[in-house]
1. Counting just the residues of the stretch B:79-95 that are more than 7 Å from chain A (Cβ to nearest Cβ) and polar (S, T, N, Q), which one comes out nearest to B:V6 (Cα to Cα)?
2. Taking helices (runs of 4 or more DSSP H) that do not extend beyond the stretch B:150-241, which have at least 3 residues that are among the charged types (D, E, K, R) and either surrounded by 19 or more Cβ atoms within 10 Å (Cβ to Cβ) or at pLDDT below 85 (or both)?
3. Can you find a residue in the stretch B:81-104 that is without any contact (Cβ under 8 Å) to a residue 40 or more places away in the chain and within 11 Å of the chain's Cα centre (by Cα)?
4. Checking A:V262 against (1) buried (at least 21 other Cβ atoms within 10 Å of the Cβ); (2) at pLDDT 80 or above; (3) outside the structural domain of A:L154 (by TED's automatic domain parsing); (4) not small (G, A, S), which test does it fail?
5. Got at least one residue in the stretch A:48-67 being of a type in the set (D, E, K, R), within 23 Å of B:R73 (Cα to Cα) and either assigned by TED's automatic domain parsing to the domain that holds A:T158 or not in a helix (DSSP H, G or I) (or both)?
6. Among the residues of the stretch B:1-53, write down those that are away from chain A (no Cβ under 14 Å), within 20 Å of A:E88 (Cβ to Cβ) and surrounded by 17 or more Cβ atoms within 10 Å (Cβ to Cβ).
7. Considering the stretch A:123-176 alone, what residues qualify as being out of contact with any helix residue (DSSP H, G or I) (no Cβ under 6 Å at 6 or more places or on another chain) and among the hydroxyl-bearing types (S, T, Y)?
8. Could you look through the stretch A:57-93, keep only residues that are of a type in the set (G, A, S) and in contact with a Leu (Cβ under 6 Å, 6 or more places away or on another chain), and pick out the one that is farthest from the other protein chains (Cβ to nearest Cβ)?
Amino acid sequence: MIDVEGLTKIYGPRAAVQDLTFHVEKGEIVGFLGPNGAGKTTTMRMLTGYLPPTDGRASIAGFDTFSQSLDVRKRIGYMPETVPLYPEMAVADYLDFMAALRHVPDRKAAVQRAMQVTHIEDRARMNIGKLSKGFRQRVGLAQALVHDPDVLILDEPTIGLDPRQIIEVRELIKSLAGQRTILLSTHILPEVEQICTRVLIIHRGKLVAEDTPQNLGARLHGSARIGLQIAGDGPALQKALVAVPGVLSVETGENGRYQVSVASDQDVRAQLAAAVVNGGWGLLELAPVGMSLEEIFLQLTKEEPVAAEEQTD
Amino acid sequence: MPNILVIAKRELQSYFVSPIAYVAIAVYLVIAGFIFVLEMTGMAQYGASPSLQGQFGTMVFLLLIFAPPLTMRLLAEEQRMGTLELLLTSPVQDWQVVLGKFLASLGVLLLTIVITFAYGLMLRAYGNADLGPMAAGYLGLFLAGGALMSIGVLTSAMTQNQVIAAVLAVATILLLWVLGAASQLVSNLTATQVFNQLAFFEHTTNFWRGIIDTNDAVYFLSLMALALFLATRVLETRRWR
């Protein structure tokens, strides 16, 4: 459904997106993951025909995003990062306007349906300027859905929302899957794990990894770490921790905190707890330390020598 | 509904939910009305037969403070709010966006001009003013206003900042205005003619006298075409940065 081949965008001396190639099949929900400034928005803008690529090509549903831009635009629903709304318009009027621009035959029904799906019917007559951030986000999503497009391109759909709203929007996106193909960008790792069937990790404009969330998780958990807080300290404790089979190294922190690096595919939490308790120390806390996105990138860029070179600029 | 009309309709509605259109129309009518009263009183004192000739000059001049505030928002605000990204990723072409916005501004202009028909009606009721010259004057006013609006659309495409858009529009209009004065300073005959041909105000004078000269009409229409064409190109260049 989405085919991207060697897509490149150069701004002056800097390449925002460099030789990006990926494919998205019909019905997939693909997460586009990367830190701020990785080139996610630029890529999406090229897919929607807002920006022309410097090099390479992209097509959606077989139409080139640059030379057949109008055909592409008819088939996509796009929600940019800063949700573009007219604050002085009422929600329903705004959606009606967007539907008219996209030549929706039965606008009234389409607007009603989009509001229903995004749960904003009770705000239909309210001015957009008076809505909370969460509702604006949903209006932005409703706008992308109103013409029932085959492809949805969502740039950071959950940014700036409170936790409950984030869950709602995620559920909403999941419920849209099936017939539609969805490409969404985010820099929140759990989000991808929860809603996407596939993940593309982009860093400094380049694709550094492409996998299912499960595989990616396994790959990353390979060097999982466990954080401990223990009443008591001393070399004996450290020795006892290192002695647990599977433990690679132990770092000592303040207030009796320790971080234990564990070899791949082993769960040694029970053994760690036993070692602490049997040694006569008090175990206050034991929890796996989640990997931050930064760490993932450090790891991924270490694996990719080309990307590592990029680091020097 | 064609894309252009969809955009024009939304824009026209948004004019009237914000105070901009009301303020611009009110200020225009108050000042024009005041000058109308002065002028008619003057004519009555000297026993001249009433006509709208002088009033048309006033109304053209007042467009200078009427048009830029109405056009400054059109594209600048869409760029600042990011809504332009949505418009340009909808199945709409750039020129349709520009033309739709321009039509909306023409709508406000037309409404204002229609209100000033009151002057003509008064002259008809209390004097024996001719309809023909008046119609020509109003046509000239509309064409001149349209040209000023198109310049405003162009400057609004060039920036995200409404104030800059308005200042650029006023500056461009004033520049076109003073070309008439420039024509009197140069001695070269060809240069004089070129300046006269380009000068804005000079092209309105025939209309108030009741003369519809194709040369004048073509001037305003080509000014509109040029400004709107450039505005479209400016929108396109944003994509290439």
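1. To start, the set of residues in the stretch B:79-95 that are more than 7 Å from chain A (Cβ to nearest Cβ) comprises B:79-80, B:84, B:87, B:93-95.
This time we only want the ones that are polar (S, T, N, Q), so: B:79, B:93.
Details: B:Q79: 19, B:Q93: 13 Å.
For the stretch B:79-95, the residue satisfying everything is B:Q93.
2. Result: B:214-239.
3. No, there is no match, as no residue in the stretch B:81-104 is without any contact (Cβ under 8 Å) to a residue 40 or more places away in the chain and within 11 Å of the chain's Cα centre (by Cα).
4. Here A:V262 meets the rest and fails (2).
5. Scanning the stretch A:48-67 turns up no residue that is of a type in the set (D, E, K, R), within 23 Å of B:R73 (Cα to Cα) and either assigned by TED's automatic domain parsing to the domain that holds A:T158 or not in a helix (DSSP H, G or I) (or both).
6. B:A24, B:I25, listed by residue number.
7. Once the filter is applied, which keeps residues that are out of contact with any helix residue (DSSP H, G or I) (no Cβ under 6 Å at 6 or more places or on another chain) and among the hydroxyl-bearing types (S, T, Y), the stretch A:123-176 yields A:S132, A:S175.
8. Filtering first and then ranking leaves A:A58.
The values are calculated or read from the model by the stated rules, or taken from the named source; none is laboratory data. Bear in mind the structure is a predicted one, so any value in this text is a computation, not a measurement. With ideal geometry, Cβ positions are generated from the backbone for all residues, glycine too; neighbour counts draw on all protein chains shown.
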